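Heads up, the thing below is written out as structure tokens.
The values are calculated or read from the model by the stated rules, or taken from the named source; none is laboratory data. What you see is a predicted model; the values in this text were computed from it and never measured. Virtual Cβ from ideal backbone geometry, glycine too; neighbours counted across all protein chains shown. For the accessible areas, the whole protein counts, side chains as well, though only heavy atoms, and no ligand, DNA or RNA atoms are used. Shrake-Rupley method; radii C 1.70, N 1.55, O 1.52, S 1.80 Å.
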Amino acid sequence: MVSRASTRASAGGAGQAAEPGVRRGLVLGGGGMLGAAWTIGALCAVEEVTDWRPADAEVILGTSAGAILATMLAAGVRAEQLRDHQLGLPIEAGPLAGVDFDYDSAVGGALPPRPRPGIGSPGLLRDAVRHPREYPFLTMVSAAVPTGRGSVAPVGELVRGLVGADGWPAGSGLRVAAVDYRTGHRVTFGDPDAPAASPADAVMASCAIPGWFAPVEVNGSRYVDGGCWSATNADLMAARDLDEIYVLAPMALRPTGPGSGLREWRARDRPKGVLAQLVSRYRRSVTRQLLREARLLRESGTRVQLLAPTLEDLAVMGPNMMDPARRTEVLETALRTSRAALTGVKAVG
């Protein structure tokens, strides 16, 4: 249970909601198919408990699967419509009305196609080896893995159908994080100093997991998943004149009791199997980085409200975040656990 008075960022959940009239931001992290399902459940819980519509955020930053959801929110899709669309229920009004999208098979299913032989980005790998402190470890790894053969084109088609071929959603603060696959530099599409890109290209770039999907070319440069830098990239919300930021991080960890932290998770989360152990270690790394990002935001005077999966959520997810068979149960569990974490948060009128 989250302390009603807490405004300090932690992996334990959200603190007290802000007063009406403040400038709020929304960060949606990456996490594959199941991360998207979890995020939708959490979004519905946020709107239900706080009476604040996440789509009304001044800035909505998305990474990887979170970039898809961020764009849908910016296009005017309500959280409950995201939920119903995931569940296969008819949408009778709004941008998703009549939109047919097969979440289970659109990007190829639970396993990637065999990647192409060779190093994905020799130039980036060379630079990263020469200057290792300038790059996150995952960026270095992404440079070394073979180039993926999977396609994120269906995601681009979905986005184009919602927002059009070129323009960004009118009046929105949509931002999309990706990584330049040659330089290793992080790019925030939608910012004035970022390369010009359509929302569809930006989202596809942010979703291009190295080794799984082919990099996405934008204006002559290749881009890959923004999660190669950070699973949430929440620090990109600094200096945006925001009073409060909600961060939904499906690849992080949420401790379950007062004063609990990663030590508790290490003691309680004992996955079996190589893949499960690797994912568990990755989650701990994501959580540490997220807390550093949240600390940076908090030091600037911004309130940070974090939501992340519980052990109950992780048991439903399993180790493969692209497993379509678990999607519905993950969404429903996230709605329940996120609602519980948010209970007691003062409503924002």
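For the range 291-319, which residues satisfy the criterion of being assigned to a loop (DSSP other than H, G, I, E, B) and out of contact with any strand residue (DSSP E or B) (no Cβ under 9 Å at 6 or more places or on another chain)?
From the range 291-319, those assigned to a loop (DSSP other than H, G, I, E, B) are 300-302, 308-310, 318-319; that's our starting set.
Selection gives 300, 301, 309, 310, 318, 319.
Looking at (1) in a loop (DSSP other than H, G, I, E, B); (2) open to solvent by less than 50 Å² (accessible area, probe 1.4 Å), which is the only condition residue 182 fails?
Tallying (1) in a loop (DSSP other than H, G, I, E, B); (2) open to solvent by less than 50 Å² (accessible area, probe 1.4 Å), residue 182 fails exactly one: (2).
State yes or no: is residue 157 more than 30 Å from residue 96 (Cα to Cα), among the charged types (D, E, K, R) and open to solvent by 50 Å² or more (accessible area, probe 1.4 Å)? First the steps, then the outcome.
Working: more than 30 Å from residue 96 (Cα to Cα): no; among the charged types (D, E, K, R): yes; open to solvent by 50 Å² or more (accessible area, probe 1.4 Å): yes.
Spelling it out, it is not the case that residue 157 is more than 30 Å from residue 96 (Cα to Cα), among the charged types (D, E, K, R) and open to solvent by 50 Å² or more (accessible area, probe 1.4 Å).
Can you tell me how many residues within the range 142-179 are over 16 Å from residue 62 (Cα atoms), among the small types (Gly, Ala, Ser) and not in a strand (DSSP E or B)?
12
Here is a list: 141, 176. Which entry is open to solvent by less than 10 Å² (accessible area, probe 1.4 Å) and within 21 Å of the chain's Cα centre (by Cα)? So that I can check it myself, show each step before the final result.
Working: 141 fails: open to solvent by less than 10 Å² (accessible area, probe 1.4 Å).
The unique qualifying residue is 176.
Given the structure, is residue 231 buried (at least 24 other Cβ atoms within 10 Å of the Cβ), in contact with a Lys or Arg (Cβ under 6 Å, 6 or more places away or on another chain) and not in a strand (DSSP E or B)?
Taking the combined requirement at face value, the residue does not satisfy it.
Take the residues of the range 77-86 that are under 14 Å from residue 39 (Cα atoms) and touching a residue at least 60 places away in the same chain (Cβ under 8 Å): which is most open to solvent (accessible area, probe 1.4 Å)?
Filtering the range 77-86 for residues that are under 14 Å from residue 39 (Cα atoms) and touching a residue at least 60 places away in the same chain (Cβ under 8 Å), the one most open to solvent (accessible area, probe 1.4 Å) comes out as 83.
Between a residue in the range 96-122 that is farther than 26 Å from residue 75 by Cα and any residue that is part of a loop (DSSP other than H, G, I, E, B) and open to solvent by 80 Å² or more (accessible area, probe 1.4 Å), which pairs come within a Cβ distance under 8 Å, given they are 6 or more apart or on different chains?
112/149; 113/149; 114/149; 115/149; 116/149; 121/182
For the range 206-222, check the following and say yes or no: at least one residue is of a type in the set (S, T, N, Q) and either surrounded by fewer than 22 Cβ atoms within 10 Å (Cβ to Cβ) or more than 16 Å from the chain's Cα centre (by Cα) (or both).
Yes, the range 206-222 contains a residue that is of a type in the set (S, T, N, Q) and either surrounded by fewer than 22 Cβ atoms within 10 Å (Cβ to Cβ) or more than 16 Å from the chain's Cα centre (by Cα) (or both).
Yes or no: residue 164 touching a residue at least 60 places away in the same chain (Cβ under 8 Å) and either at positive phi or not hydrophobic (A, V, I, L, M, F, W, C) (or both)?
So residue 164 does not fit the description; no.
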